[in-house]
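The values are calculated or read from the model by the stated rules, or taken from the named source; none is laboratory data. What you see is a predicted model, and the numbers here were worked out from it, not measured in a lab. Positions of Cβ are generated from backbone atoms using ideal geometry, with glycine treated the same way; all protein chains shown enter the neighbour counts. For the accessible areas, the whole protein counts, side chains as well, though only heavy atoms, and no ligand, DNA or RNA atoms are used. Shrake-Rupley method; radii C 1.70, N 1.55, O 1.52, S 1.80 Å.
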Amino acid sequence: MASRSARSRVLLFTSCPYEGGAGADTRLAASIAASMPDRDFLWFTRWPSRGSRGPTRGKGIPIVSRDGAPHVPERLQVALAGGVLARRTDLVHAVLTIGGTYPLFSRLRRGLLGGGPVIHTVPGVMDAGLLERARPLGTTVALSEATAGQLRSAGFGDVRVIPPTIPLDRWPWRPRTTGSTPVVLFAGHHDPRGGAREAVTAAAEAHRRGARFRLVLAMRARPGQDERALEAALRALAAREGLPEVDVQGHVPDMPGLLEATDVLLFPPRQLGGKADVPFVVLEALATGRPVILSDLPQFSALGDAASRAPVGDRHRTGELLARLLERPRQWEMQARLGRATVEELFGPDRFRAQYERLYKEALA
C-alpha cells in the first residue's frame, strides 16, 4: 500500500496564477512542482487560458485574470479559493514573498488555511520592518542564510534553507561570442534601489576607464508603473553619464538567446526589495557561462567566488570590476567556468528535489 505522503494532495498556494509571468513566487512554485512530478498538486491557473500548462499531475483551479499579475482581484480570488481548497488537501505549500499584505494574511492563517500542515517558501522579504507584525504560516523555507537569520530573529522559529534551482537543460553552457562589440546586461525591475541606475553609473565608470561595450537594460515594469517614462529616465541618465551605447528594452521573450549574446551580467542593486534572494537571472547567467558582477548583499554570499562583488552603491569599484572582466579574457574564462560549476553543485535540480522531498515527508508524517 502506498504511503500517505506518496498519495498526498498538495495545494500550491501563490498570490497569482501559476502562469503569472516571471515573478519569483510563481517561478519557484514551478520549480517545486517540476521537481516532484509524482505529487498531486492543486494550483491556481489563469482564466481565460493562454495555453500554459501546469504540473504533470493534479488540477488547475481557474482564477479570472487579465494578465496573470498579482493585482487585488487575483489576490482576493486566491484567498477565497485557497480557504476552501486548503481543507481538501493534505498539505498547503505557500510560495509567497513577505510583502505589505503578508502580516495580515499571516494573522488570519488558521481561518484562511485551516489547521493542517503548511510549508511556506519565502522568495524574499520586501521590507524587514514587516517582520515585526508577521507570523509564520508553518515550517518556513528561506532561499539564503541571510534571510533565514532575519526570519529566526523575528520569531519564525523553524526556518530551513533551500536554495532555488533552474532547469540546467534549458540553460546549457554557451561559448562566448567573439568578433562583435561586447554586451553588458542588466535585467530587473524599475525599482528605485533595484540596480538599474546603479548599473548605468557603474557602466559609465567602466567606459571612462577605456572599456568599450554596449549596455542592454532588460526592464520589467510592475503594475501601475509608467514604463515609458521610466525607460526615458534611464536613457537620460545614460546620456548625462556620457555612456554612448545603451539599449533599454521591455519584456524579453527569448532570455536564453539574450544571455547567450551577453558577455557580462551586471546586477548591482542596493536592496532586493522582494526579489528572490538569488535572482533567477543570476543563476541563468552563471549556468550559461557568463560572469556576473553583483553588489555585496548578504543574500549573495552563497555564490562565493563564482560572482564578483562590489560594495553596495560603489560605482567606482563596480566599474573597475567590469572593465577588468571585459579586458582580460583569461579572467573572463575562469569566472565563466567557476560560475557554471557552482550552479551545478549548489543550485542543481537533484539537490533541490531531495531537500523538498525530505521536507514533504516530514510535514506529512
Name the residues in region 268-297 that are touching a Lys or Arg at 6+ places or on another chain (Cβ under 9 Å), closer than 16 Å to ALA24 by Cβ and β-branched (Val, Ile, Thr), would you? none
Are there any pairs, at least 6 apart or on different chains, whose C-beta atoms fall under 9 Å, with the first in region 267-286 and open to solvent by 10 Å² or more (accessible area, probe 1.4 Å) and the second among the aromatic types (Phe, Trp, Tyr) and at pLDDT 95 or above, and if so, which? VAL281/PHE267
Looking at region 133-147, is at least one residue over 18 Å from SER15 (Cβ atoms), in a loop (DSSP other than H, G, I, E, B) and open to solvent by 30 Å² or more (accessible area, probe 1.4 Å)? no
Which residue is least open to solvent (accessible area, probe 1.4 Å), if the candidates are limited to region 78-90 and must be over 24 Å from the mean Cα position of the chain (by Cα) and farther than 11 Å from GLY114 by Cβ? ALA81
Hits in region 148-166 (condition: assigned to a loop (DSSP other than H, G, I, E, B) and open to solvent by 20 Å² or more (accessible area, probe 1.4 Å)): ALA154, GLY155, GLY157, ASP158, PRO163
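Answer yes or no as to whether LEU217 is buried (at least 21 other Cβ atoms within 10 Å of the Cβ) and either of a type in the set (Ser, Thr, Tyr) or in contact (Cβ under 8 Å) with a residue 24 or more places away in the chain (or both). Before the answer, list the steps.
Numbers: buried (at least 21 other Cβ atoms within 10 Å of the Cβ): yes; either of a type in the set (Ser, Thr, Tyr) or in contact (Cβ under 8 Å) with a residue 24 or more places away in the chain (or both): yes.
Yes.
Restricting to region 218-268, what's the tally of residues that are of a type in the set (Asp, Glu), within 25 Å of PRO70 (Cβ to Cβ) and over 19 Å from the mean Cα position of the chain (by Cα)?
Residues in region 218-268 being of a type in the set (Asp, Glu), within 25 Å of PRO70 (Cβ to Cβ) and over 19 Å from the mean Cα position of the chain (by Cα): 3 in total.
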Confirm whether VAL343 is closer than 13 Å to LEU185 by Cα, assigned to a helix (DSSP H, G or I) and either in contact with a strand residue (DSSP E or B) (Cβ under 8 Å, 6 or more places away or on another chain) or open to solvent by less than 40 Å² (accessible area, probe 1.4 Å) (or both). no
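How many residues does region 91-121 contain that are open to solvent by 20 Å² or more (accessible area, probe 1.4 Å) and part of a helix (DSSP H, G or I)?
Start the filter on region 91-121 by keeping residues that are open to solvent by 20 Å² or more (accessible area, probe 1.4 Å), which leaves 97, 100-101, 104-105, 107-112, 115-117.
Now drop any that are not part of a helix (DSSP H, G or I), which leaves 104-105, 107, 109-112.
The qualifying residues number 7.
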Take PRO172 and decide whether it is surrounded by fewer than 19 Cβ atoms within 10 Å (Cβ to Cβ) and not in a strand (DSSP E or B). yes
